[in-house]
Amino acid sequence: MSGIEKLFSGMRASSTGLAAERVRMDVIAENIANAQTTRTPEGGPYRRKIVRFEPLLLEAAGRPFETLGVRPSAVEADRLTPFGILHEPGHPDADARGFVRYPNVNTVMEMTDLITAMRAYEANLAVQQGFFQMAERALQLAR
Amino acid sequence: MEAIGRETELLFQLLRATSLRAQVIAGNVANQNTPGYTRRTVHFEEKLREALLAGRGGELGVEPEIALDKATPARPDGNNVTLEVELNAMRENRLLYEAYTTILGGHYELLRSSIKDGN
């Protein structure tokens with residue numbers, strides 16, 4: 001065997017990267033869409049969401065460093081960044097003193113995150129393309 | 001015949017190592033935004049060279065090894081993957097793979113023509 005199965009698991013690793021970055025882009029889109037949402041079913045304004053990534057490891061098989069890619073292990077609410085507070089007495093969600101709490105979403109920050117996610121997506125795609133070319137070469141041997 | 005057999009075996013090993021390296025690079029790229037991830041590298045050629053210099057055919061037992069790259073400095077989030085480095089490594093690795101498959105193809109071509117000539 002010349003390790004063609006490694007090429008396939010590499011392709012799959014790239015796919016997990018593509019899927020994970022897509023999840024991140026979806027979450028960023030949700031954050032931006034809700035940048036002005038002052039009321040949510042859970043109460044209070046919308047909280048910015050963050051995706052947590054974790055490597056997919058082969059530790060169980062006794063190969064501690066071998067990665068099979070990445071997985072978005074959790075989507076969590078950002079509880080550290082404070083809400084924005086504006087004085088808008090006429091707003092339906094204003095409190096007794098006329099203050100409205102706005103989501104802790106910073107649109108500029110979300111946009112830069114979106115750009116990193118897009119670049120990462122493209123990089124995974126480029127790597128996957130490389131695998132196709134390698135597999136193509138391996139197939140040529142059989143011709 | 002034996003010379004060809006031994007050389008193709010070596011080429012197979014090199015192909016195995018480059019395939020594994022491609023997988024490892026893909027894992028690094030997939031984890032470029034995973035906090036605390038340390039990039040992996042594959043050690044093979046240097047181990048093979050040592051075995052070849054030592055002689056006695058020990059090179060056929062050399063296996064590629066995945067190691068953590070702790071030398072590259074990490075970003076504030078603890079991740080030390082650099083996209084440019086990985087993409088370059090991928091390209092270099094792919095060229096090596098193509099070189100090995102080309103040489104291997106040449107061996108098969110040689111075998112084929114010698115079989116034809118025997119007829």
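Coordinate-derived values only; no laboratory data. Keep in mind the model is a prediction, meaning the values are calculated, not measured.
Between the amide H of A:L58 and those of A:E66, A:L68, distances stay under 5 Å, these residues lying 5 or more places away or on another chain, with hydrogens modeled in the peptide plane.
All Cα-Cα distances of the stretch A:51-95, cut into 5 Å bins from zero to the largest, leave 5, 16, 12, 11, 11, 8, 9, 6, 6, 5, 7, 4, 1 percent in each bin in turn. Close amide H partners of A:S73, meaning residues 5 or more places away or on another chain with modelled amide H under 5 Å apart, are A:R52, A:F53, A:E54. Phi-derived couplings, Karplus 6.51 cos²θ - 1.76 cosθ + 1.60 at θ = phi - 60°, listed residue by residue for the stretch A:69-80: x, 9, 9, x, 7, 7, 10, 10, 7, 7, 9, 9 Hz, with x used for Gly and Pro. How large is the translational diffusion coefficient of the protein assembly as shown in µm² per second when you combine the Kirkwood radius over alpha carbon pairs with Stokes-Einstein at 10 °C and 1.306 mPa s? Once the numbers are plugged in, D ends up at 74 µm²/s.
Computed across chain B, the Kirkwood radius stands at 16.3 Å (inverse of mean 1/r, all Cα pairs).
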